[in-house]
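Read-outs: derived from the displayed coordinates by stated rules, not from any lab. Here the structure is a predicted model, which is why all the values come from computation and not from measurement. Cβ placement follows ideal geometry from the backbone for every residue including glycine, while neighbour counts extend to all protein chains displayed.
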Amino acid sequence: QKLAVSLQAAIEQDQLVLHYQPIFRLDSGGIESVEALLRWHSEEHGTVSPLELIAVAEQHGLAHRLNEWVLLQACRQLNRWHQDGFGWLKVNVNISPNIFMDGELAITVRQVLHDTGLDASTLVLEITEDTSMWDTMGSIDTLQELRELGIEIALDDFGTGYSSFSHLRQLPLNKLKIDKSFVADLSTDPRAVSLVKTIISLAESLDMSVTAEGIELPEQQAQLQLLGCQLGQGYLLARPMPVEDMSDLLSQNH
Ligand code: G
Ligand code: G
Ligand code: NA
Ligand code: MN
């Protein structure tokens, strides 16, 4: 079977899986949120990477269904965690640029919030800056609509893409995620340190919180703490993991 046909069946039959990677407060070590990350092991096609999966979905008109599936599963799972006593937990869901730009995202999000009864303030959408979408006014309207639902918006992979200072000024964003390429160079490159320091103070002055992605080494974590970075995620702290493991980790983390 073609990959797209299998993917469609997998969406309908709930054969896709979300893994979760915690985002930690770097000062206290507490968990603030979990990022939902798509995983698919197909009997026929083996393990398909999320990037390939999303590309196939977009080529075959399945992007909407896939996005809806991810949002609904992530919100349902967060509800379970809230009911298990972790009522403060948030979930971060990645939204691909095409989904973001087509104008129906706010309708889908509103529907999912309604169907799950989830507290909107615990949902964070991650939008990558690696597109030229910010140049269209429609994108600002979409962001505004999403914010009016009470959810938060994070700008993902910050520093690598298209965003300029004027975008940061115009867009109603809550969070910046510093791209892992900057974090990777922190322990070896003083210029990376300067850049990260600047991004942190920029975000603070615009009332956004900062998350460092891709923390792999203790030196990087130490440097980020020194620079006052509030939040971090990466293999050093915890890898993306299945729901059961995430539940265990939440129970251990106070
Ligand atoms: O988890 P991993 O490193 O394999 O993810 C690879 C890429 O796929 C990352 O850029 C990540 O943001 C993206 N990704 C993972 N899950 C989703 C998802 O549910 N939706 C979208 N749009 N992107 C995702
Ligand atoms: O594009 P995005 O920033 O959403 O990509 C997130 C992806 O990065 C996750 O899917 C995850 O698998 C991966 N990731 C998480 N932590 C680390 C890390 O410490 N190092 C690297 N190289 N990748 C990571
Ligand atoms: Na992301
Ligand atoms: Mn992300």
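Pairing the Cα long axis of helix 3-12 with the longest principal axis of the chain, what angle in degrees results, from 0 to 90 and rounded to the nearest 10?
90
What residues have an amide H closer than 5 Å to that of Ser33, excluding those fewer than 5 places away on the same chain, when H is modeled at 1.01 Å from N in the peptide plane?
Ile23, Lys90
Kindly state, to the nearest 0.05, the FRET efficiency for Leu72 paired with Ile140, given R0 = 22 Å and r defined as their beta-carbon distance. Don't jump to the answer; show the numbers that get you there.
On the way: r = 26 Å, r/R0 = 1.19.
Efficiency computed from Cβ-Cβ geometry: 0.25.
Set Lys and Arg Cβ to +1 and Asp and Glu Cβ to -1, take the dipole of the chain about its Cα centre, and tell me which of Gly30, Pro50, Val17 lies farthest positive.
Looking along the dipole axis, the top candidate is Gly30.
How many nm separate the modelled label positions at Asp207 and Glu244, each set 7 Å beyond the Cα in the direction of the Cβ?
Computed distance between label sites Asp207 and Glu244 equals 4.5 nm.
Is it possible to state the helix-based mean residue ellipticity at 222 nm for the chain, with each DSSP H run of 4+ residues giving -39500 (n - 2.57), the sum divided by total residues, to the nearest 500 deg cm²/dmol? What is it? Please report the intermediate quantities before stating the final value.
Working: 11 runs with 116 residues, N = 254.
Estimated from H runs of four or more residues: -13500 deg cm²/dmol.
Please list, ordered by chain and number, the residues whose modelled amide H lies under 5 Å from the amide H of Asn94; skip anything fewer than 5 residues away on the same chain.
The answer is Ala36, Glu126.
So for the pair His64, Lys197, with labels modelled 7 Å out along Cα→Cβ, what separation do we get in nm?
Taking the simple label geometry, His64 and Lys197 are separated by 5.0 nm.
For the chain, what D do you get in µm² per second when you plug the Kirkwood radius from alpha-carbon pairs into Stokes-Einstein at 37 °C and 0.692 mPa s? Walk me through the intermediate numbers first.
On the way: Rh = 18.8 Å.
Reported coefficient: 174 µm²/s.
With springs only between Cα atoms under 10 Å, which of Leu149, Leu186, Leu224 fluctuates most in a Gaussian network model of the chain?
Sorting by GNM fluctuation, first place goes to Leu149.
Could you give each residue of the stretch 242-249 its phi-based ³J(HN,Hα) in whole Hz, using Karplus coefficients 6.51, -1.76, 1.60 with θ = phi - 60°, and x for Gly or Pro?
Once θ is set to phi - 60°, the couplings for the stretch 242-249 become x, 3, 4, 5, 5, 4, 4, 4 Hz.
Can you give me the long-range amide H partners of Gly234? Hydrogens built in the peptide plane at 1.01 Å from N, cutoff under 5 Å, separation of 5 or more residues or another chain.
Amide H neighbours of Gly234: Gly214, Ile215.
Give, rounded to the nearest 20 debye, the magnitude of the charge dipole that the stretch 159-203 has about its Cα centre when Lys and Arg contribute +1 at Cβ and Asp and Glu contribute -1 at Cβ.
Value, rounded to 20: 160 debye.
Treating only the Cβ of Lys, Arg, Asp and Glu as charged (+1, +1, -1, -1), what charge dipole size does the chain show about its Cα centre? Round to the nearest 20 debye. Before the final figure, lay out each step's value.
On the way: 16 positive and 36 negative charges, 60 e Å.
Charge dipole, the chain, about its Cα centre: 300 debye, nearest 20.
Which whole-Hz ³J(HN,Hα) couplings does the stretch 62-72 yield from phi under the Karplus relation 6.51 cos²θ - 1.76 cosθ + 1.60, θ = phi - 60°, glycine and proline marked x?
So the Karplus estimates, Gly and Pro as x, are 9, 4, 5, 4, 4, 4, 4, 4, 4, 4, 5 Hz.
In degrees, nearest 10, range 0 to 90: what is the angle between the Cα axis of helix 137-148 and the longest Cα principal axis of the chain?
90
Please work out how much length the chain gains when fully extended from Glu44 to Thr108, using 0.36 nm per residue of separation minus the C-alpha to C-alpha distance, in nm with one decimal.
Details: separation 64, 0.36 × 64 = 23.04 nm, distance 3.07 nm.
Contour length minus the Cα-Cα distance gives 20.0 nm.
Report, in debye and to the nearest 20, how large the dipole of the stretch 1-113 comes out about its Cα centre when Lys and Arg carry +1 and Asp and Glu carry -1 on their Cβ. Write down the numbers at each step before the final one.
Working: 8 positive and 13 negative charges, 47 e Å.
I would put it at about 220 debye.
For the chain, what proportion of DSSP beta bridges, expressed in % and rounded to the nearest 5, is antiparallel? Let's see the in-between values first.
Values: 15 of 38 bridges.
Counting DSSP beta bridges with both partners in the chain, the antiparallel share is about 40 percent.
When the Karplus curve 6.51 cos²θ - 1.76 cosθ + 1.60 is applied with θ = phi - 60°, which whole-Hz ³J(HN,Hα) does each residue of the stretch 81-87 get, with x for Gly and Pro?
Values, residue by residue: 5, 4, 5, 7, x, 9, x Hz.
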